[in-house]
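One structure is given here, and the rest of the page talks about it.
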Amino acid sequence: MTAFPEIVPGRPGDGEVLNLPFGVFTVRISGEQTGGALSVVESILAPGALGAAPHIHHAHEEYFLVTSGEVTFDTADGVLTMEAGGSVSVPRGRPHGYRNATSAPATLTTIFTPAGYENYFREIAAEAAAGTPITPELLNDLRAKQQTTPWP
């Protein structure tokens, strides 16, 4: 990891938009822009969407800020339901998953440290665009590339 190579402005509408089967994810700041230090992804989860089945990251931390709607997090410690303005930090090695259990869209901003996990979302988008069925097995294979395993 190196120091940030430059100032990275993020204007409304900027970012790499990824259409996933469970929502629209926008890479607002990529690891390429931060020398690998962090990445920022905005997610719009469709009503009833599973954002991520429970899993464990072994190589990065994840920080969530719910910016609209309500997001439910499933953790080893129980279920957390966070409304707009709520946040959840997940250290590496801690099981978690998240979903939109409501009938309205939900938006969250996620920071990954170090960067790299945004590539998982890029790969899902590429597979979906190619017409590949997005199965739990495929998602687990793609997560494994990011040192992430399913839980339990």
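Run lengths n ≥ 4 of DSSP H only: what is the helix-derived mean residue ellipticity at 222 nm for the chain, with -39500 (n - 2.57) per run over all residues, to the nearest 500?
Dividing the helical sum by the residues of the chain leaves -4000 deg cm²/dmol.
Starting from one equal scatterer on each C-alpha and no solvent at all, send me the Debye-based log10 I(q)/I(0) for the range 32-110 at q = 0.14, 0.15, 0.23 Å⁻¹, two decimals.
Listed by q, the Debye log ratios stand at -0.44, -0.50, -1.08.
Summing Lys, Arg as +1 and Asp, Glu as -1, what charge do residues with Cβ under 11 Å from the Cβ of Phe112 carry, Phe112 excluded?
Once positives and negatives cancel, what remains is -2.
Starting from the eigenvalues of the Cα gyration tensor, five times each then square-rooted, give me the equivalent ellipsoid semi-axes of the range 16-150, largest first, whole Å.
Output for the range 16-150: semi-axes of 20, 18, 16 Å.
Where in the range 12-44 are there GluC sites (Glu not before Pro) that are in a DSSP coil and have at most 13 other Cβ atoms within 10 angstrom of their Cβ? It would help to have the intermediate numbers written out before the result.
Numbers: sites: Glu16, Glu32, Glu42; in loops: none.
The qualifying sites: there are none.
For Trp151, project a label point 7 Å along Cα to C-beta. Then give me every residue of the range 26-69 with its amide nitrogen under 19 Å of that point.
Counting backbone N atoms under 19 Å from the label point, the list is 50-66.
Would you mind putting 50-58, 83-91 in packing order, based on average other-beta-carbon counts within 10 Å, highest first? Let's see the in-between values first.
Numbers: 50-58: 17.3, 83-91: 13.3.
Sorting 50-58, 83-91 by mean packing, highest first, produces 50-58, 83-91.
Label points 7 Å out from Cα along the Cβ direction at Ala144 and Thr81: separation in nm?
Computed distance between label sites Ala144 and Thr81 equals 3.6 nm.
What residues have an amide H closer than 5 Å to that of Ala115, excluding those fewer than 5 places away on the same chain, when H is modeled at 1.01 Å from N in the peptide plane?
Amide H to amide H, under 5 Å and 5 or more residues apart or across chains, Ala115 pairs with Ala37, Leu38, Ser39.
So, counting K/R as plus one and D/E as minus one, what does the shell of residues with Cβ under 15 Å around Val27 add up to?
Around Val27, the charge tally is -4.
Computed from the coordinates by the stated procedures, all read-outs in this text should not be read as laboratory data. This is a predicted model, so every value here is computed, not measured. Cβ: placed from backbone, ideal geometry, glycine included. Neighbour counts: every protein chain shown.
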